[in-house]
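J.: Can you read through this structure? Questions will come right after.
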Amino acid sequence: MTLAVRVIPCLDVDAGRVVKGINFQQLRDAGDPVELARTYDAEGADELTFLDISASHEGRATTMEIVSRTAEEVFIPLTVGGGISSVDDVDRLLRAGADKIAVNTAAIHRPQLVAEIAERFGNQVLVLSVDARRVAEGSSAGTPSGFEVTTHGGRKSAGLDAVEWAARAAELGAGEILLNSMDADGTQDGFDLELIRLVRREVSIPVIASGGAGRVEHFPPAVDAGADAVLAASVFHFGTLRVREVKQALADAGHPVR
Amino acid sequence: MTKKVVVLDYGSGNLRSAVRAVERAGAEVTLTADRQAAQDADGLLVPGVGAFAACMAGLRAVRGHEMIGRRLAGGRPVLGICVGMQILFERGVEHGVETEGCDEWPGVVERLQAPVVPHMGWNTVEVPAGSRLFAGIEDERFYFVHSYGVRDWTLQTNDRTVAPLVTWAEHGGDRFVAAVENGPLTATQFHPEKSGDAGAALLRNWVESL
């Protein structure tokens with residue numbers, strides 16, 4: 001009778017196509033998010049996240065079609081993030097078939113957006129995505145927790161303490177925190193456990209750990225540090241790890257999985 | 001004969017998954033708030049996400065509470081999902097504000113008392129003996145996402161009435177209603193339409209019972 005740790009593959013989608021290389025041999029079209037979503041579902045993924053990185057209006061419209069097709073074929077929760085800046089954006093995505101939406105930069109610019117979305121659709125639809133980065137010790141830009149919020153893929157500082165921002169967003173009505181370590185992201189050296197611990201201590205909503213997964217043994221410590229769910233992109237896309245292997249590693253470490 | 005199901009359209013949110021999931025369970029599905037269609041269907045599915053008060057307001061706006069009541073008076077099946085289950089109870093309490101529900105069952109929908117809320121993810125359930133809804137899937141996990149729940153089941157029955165079958169779930173030390181099977185009225189706190197194969201089996205069980 002315990003909630004299972006969720007294992008969540010994330011797909012970067014640009015104008016309706018999956019970016020980053022994929023070498024699942026059974027796929028007829030490795031760039032089709034719907035087919036990839038079906039594959040992850042069959043492998044036991046607990047949820048899916050689409051990150052829309054389309055730069056154009058047309059690109060985002062195409063992603064909307066992809067969301068609809070996925071919702072019609074894959075019966076696990078689907079979160080869509082990327083470029084969401086208004087309540088209307090959220091409404092369109094939910095109607096298209098998304099179950100949750102992830103907001104990031106727009107909420108930093110206008111925190112009230114979090115409250116507006118939560119009020120209209122409930123906090124369960126709202127994932128606050130935080131791109132956190134360690135602040136160099138002794139830096140003038142120091143933050144109380146030692147972690148700051150970044151935008152533009154980690155290139156710009158938002159001038160916010162990452163842990164405080166997560167706590168504030170939870171108060172405003174976020175239903176979940178997607179905590180992405182910009183330091184660990186892409187290293188495949190493991191999750192930033194200190195970051196997870198600090199945010200876990202300050203919020204009572206679920207925390208999804210993201211960034212740094214490279215091997216199956218990286219996942220159980222993230223859960224020990226307080227993550228309710230673990231998210232990864234490239235290790236799943238490239239077939240380095242399979243969802244089932246990650247779940248087995250979690251189960252072996254004593255964590256409940258589906 | 002293919003069973004006809006109406007998914008009640010009374011607000012925003014993801015209804016596409018519910019429609020598709022019930023279609024996959026073998027029914028012919030219409031998404032509408034039309035009273036006659038809702039009355040004529042073999043089964044009425046009442047979805048619901050978000051706040052109790054907002055859902056109840058949306059439901060009243062299409063007179064959904066009357067559709068539910070009339071169907072039940074005629075012994076016609078209704079399935080409530082998530083907040084669509086919660087609004088079947090007497091009332092909901094959110095941030096200290098009480099909202100009247102459909103009052104098909106006594107009980108209060110109140111905030112969960114657990115270290116991490118919302119209760120979000122795949123959880124096991126305690127299924128009572130004789131459940132038709134959970135036949136063959138008693139040990140599966142289902143997808144929950146909610147911050148409120150019904151923590152006391154208070155409906156009194158006697159030896160002349162059939163006691164409803166109540167399925168429970170637990171999260172962070174709190175225990176709450178996960179599903180109810182009560183004659184024509186069925187409800188789940190979790191989302192069968194988001195619960196993969198287990199959810200599909202549950203919806204098939206429901207459609208087959210229509």
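J.: From the list A:223, A:199, which one is within 14 Å of chain B (Cβ to nearest Cβ), of a type outside the set (Phe, Trp, Tyr), part of a helix (DSSP H, G or I) and buried (at least 23 other Cβ atoms within 10 Å of the Cβ)? Lay out the reasoning, then the answer.
T.: On the way: A:223 fails: buried (at least 23 other Cβ atoms within 10 Å of the Cβ).
That would be A:199, the only listed residue that is within 14 Å of chain B (Cβ to nearest Cβ), of a type outside the set (Phe, Trp, Tyr), part of a helix (DSSP H, G or I) and buried (at least 23 other Cβ atoms within 10 Å of the Cβ).
J.: Taking the options B:87, B:68, name whichever one is under 24 Å from residue B:178 (Cβ atoms), crowded, with 24+ Cβ neighbours inside 10 Å, within 14 Å of another protein chain (Cβ to nearest Cβ) and not charged (D, E, K, R).
T.: Answer to the check: B:87.
J.: Does the stretch A:243-253 contain at least one residue that is assigned to a loop (DSSP other than H, G, I, E, B) and closer than 28 Å to residue B:113 by Cα?
T.: The initial filter retains those residues of the stretch A:243-253 that are assigned to a loop (DSSP other than H, G, I, E, B), namely A:253.
With the extra rule that they be closer than 28 Å to residue B:113 by Cα, the set shrinks to A:253.
So far as the stretch A:243-253 goes, yes, one or more of its residues are assigned to a loop (DSSP other than H, G, I, E, B) and closer than 28 Å to residue B:113 by Cα.
For every residue, the table says whether it meets (1) on the phi < 0 side of the Ramachandran plot; (2) at pLDDT below 95.
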position: A:95; (1), (2): yes, yes
position: A:101; (1), (2): yes, no
position: A:109; (1), (2): yes, no
position: A:126; (1), (2): yes, no
position: A:163; (1), (2): yes, no
position: A:170; (1), (2): yes, no
position: A:181; (1), (2): yes, no
position: A:186; (1), (2): no, yes
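J.: Identify the single condition in (1) among the acidic types (Asp, Glu); (2) at pLDDT below 95; (3) touching a strand residue (DSSP E or B) at 6+ places or on another chain (Cβ under 6 Å) that residue A:131 does not satisfy, given that it satisfies every other one.
T.: Tallying (1) among the acidic types (Asp, Glu); (2) at pLDDT below 95; (3) touching a strand residue (DSSP E or B) at 6+ places or on another chain (Cβ under 6 Å), residue A:131 fails exactly one: (2).
J.: Identify, please: which residue in the stretch A:39-60 is crowded, with 24+ Cβ neighbours inside 10 Å and touching a Lys or Arg at 6+ places or on another chain (Cβ under 7 Å) and is, among those, nearest to the other protein chains (Cβ to nearest Cβ)?
T.: So, considering only residues that are crowded, with 24+ Cβ neighbours inside 10 Å and touching a Lys or Arg at 6+ places or on another chain (Cβ under 7 Å), the one nearest to the other protein chains (Cβ to nearest Cβ) is A:46.
J.: Restricting the first residue to the stretch B:111-129 and requiring it to be more than 7 Å from every other protein chain (Cβ to nearest Cβ), which pairs with a second residue that is of a type in the set (Ser, Thr, Tyr) and surrounded by 21 or more Cβ atoms within 10 Å (Cβ to Cβ) meet a Cβ separation below 8 Å and a spacing of at least six or different chains?
T.: Final answer for the pair search is B:111/B:148; B:112/B:148; B:125/B:167; B:126/B:167; B:127/B:167; B:128/B:167.
J.: A further question on this structure: I'd like the full set of residues that are free of Cβ contacts under 8 Å to residues at least 40 places away in the same chain and aliphatic (A, V, I, L, M), limited to the stretch B:23-42. Can you show your working first?
T.: Here is the first cut: in the stretch B:23-42, the ones free of Cβ contacts under 8 Å to residues at least 40 places away in the same chain are B:23, B:28-41.
Correct list: B:29, B:31, B:33, B:37, B:38, B:41.
J.: If a residue must be more than 17 Å from residue B:186 (Cα to Cα) and in a strand (DSSP E or B), how many such residues does the stretch B:120-142 contain? Please lay out each step first, then the result.
T.: First pass over the stretch B:120-142, keeping only residues more than 17 Å from residue B:186 (Cα to Cα): B:120-124, B:136, B:139-141.
Imposing the further condition that a residue be in a strand (DSSP E or B) reduces the set to B:120-123.
Qualifying residue count for the region: 4.
J.: Quick one: would you say residue A:63 is within 14 Å of another protein chain (Cβ to nearest Cβ), in contact with a Pro (Cβ under 9 Å, 6 or more places away or on another chain), of a type outside the set (A, V, I, L, M) and in a helix (DSSP H, G or I)?
T.: Numbers: within 14 Å of another protein chain (Cβ to nearest Cβ): no; in contact with a Pro (Cβ under 9 Å, 6 or more places away or on another chain): yes; of a type outside the set (A, V, I, L, M): yes; in a helix (DSSP H, G or I): yes.
Answer is no for this residue.
J.: Something else about it: If you scan the stretch B:161-191, which residues turn out to be within 9 Å of another protein chain (Cβ to nearest Cβ) and under 12 Å from the mean Cα position of the chain (by Cα)?
T.: The one that is within 9 Å of another protein chain (Cβ to nearest Cβ) and under 12 Å from the mean Cα position of the chain (by Cα): B:191.
J.: Search the stretch A:66-82 for residues being within 16 Å of residue A:19 (Cβ to Cβ) and among the aliphatic types (A, V, I, L, M), and hand back the single one that is farthest from the other protein chains (Cβ to nearest Cβ). Please lay out each step first, then the result.
T.: To start, the set of residues in the stretch A:66-82 that are within 16 Å of residue A:19 (Cβ to Cβ) comprises A:66, A:80-82.
Those left that are additionally among the aliphatic types (A, V, I, L, M): A:66, A:80.
Values: A:66: 13, A:80: 11 Å.
So the residue we want is A:66.
J.: When you check residue B:205 against the structure, is it over 17 Å from residue B:79 (Cα atoms) and touching a residue at least 60 places away in the same chain (Cβ under 8 Å), yes or no? Lay out the reasoning, then the answer.
T.: Values: over 17 Å from residue B:79 (Cα atoms): no; touching a residue at least 60 places away in the same chain (Cβ under 8 Å): yes.
For residue B:205, the condition - over 17 Å from residue B:79 (Cα atoms) and touching a residue at least 60 places away in the same chain (Cβ under 8 Å) - is not met.
A quick yes/no check of all residues on (1) free of Cβ contacts under 8 Å to residues at least 40 places away in the same chain; (2) within 14 Å of chain A (Cβ to nearest Cβ); (3) assigned to a helix (DSSP H, G or I):
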| position | (1), (2), (3) |
| --- | --- |
| B:21 | no, yes, yes |
| B:44 | yes, no, no |
| B:50 | yes, yes, no |
| B:58 | no, yes, yes |
| B:98 | yes, no, no |
| B:103 | yes, no, no |
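J.: Right, next: Restricting to strands (runs of 3 or more DSSP E) lying wholly in the stretch A:91-158: which have 3 or more residues that are of a type in the set (Gly, Ala, Ser), crowded, with 24+ Cβ neighbours inside 10 Å and at the interface with another protein chain (Cβ under 10 Å from one of its Cβ atoms)?
T.: Values: elements: A:100-103, A:126-134, A:147-151.
So the answer is none; nothing clears 3.
J.: Being surrounded by fewer than 16 Cβ atoms within 10 Å (Cβ to Cβ) and touching a helix residue (DSSP H, G or I) at 6+ places or on another chain (Cβ under 8 Å) is true for just one of B:135, B:187. Which residue is that?
T.: Values: B:187 fails: surrounded by fewer than 16 Cβ atoms within 10 Å (Cβ to Cβ).
Criteria check complete, one pass: B:135.
J.: I would also like to ask the following. If you scan the stretch B:130-152, which residues turn out to be hydrophobic (A, V, I, L, M, F, W, C) and more than 7 Å from chain A (Cβ to nearest Cβ)?
T.: Pass one, the stretch B:130-152, residues hydrophobic (A, V, I, L, M, F, W, C): B:133-135, B:137, B:142, B:144-145, B:150.
Passing the criteria: B:133, B:134, B:135, B:137, B:142, B:144, B:150.
The values are calculated or read from the model by the stated rules, or taken from the named source; none is laboratory data. Keep in mind it's a predicted model, so treat the numbers as computed, not measured. Cβ atoms come from the backbone with ideal geometry, glycine included; neighbour counts cover every protein chain shown.
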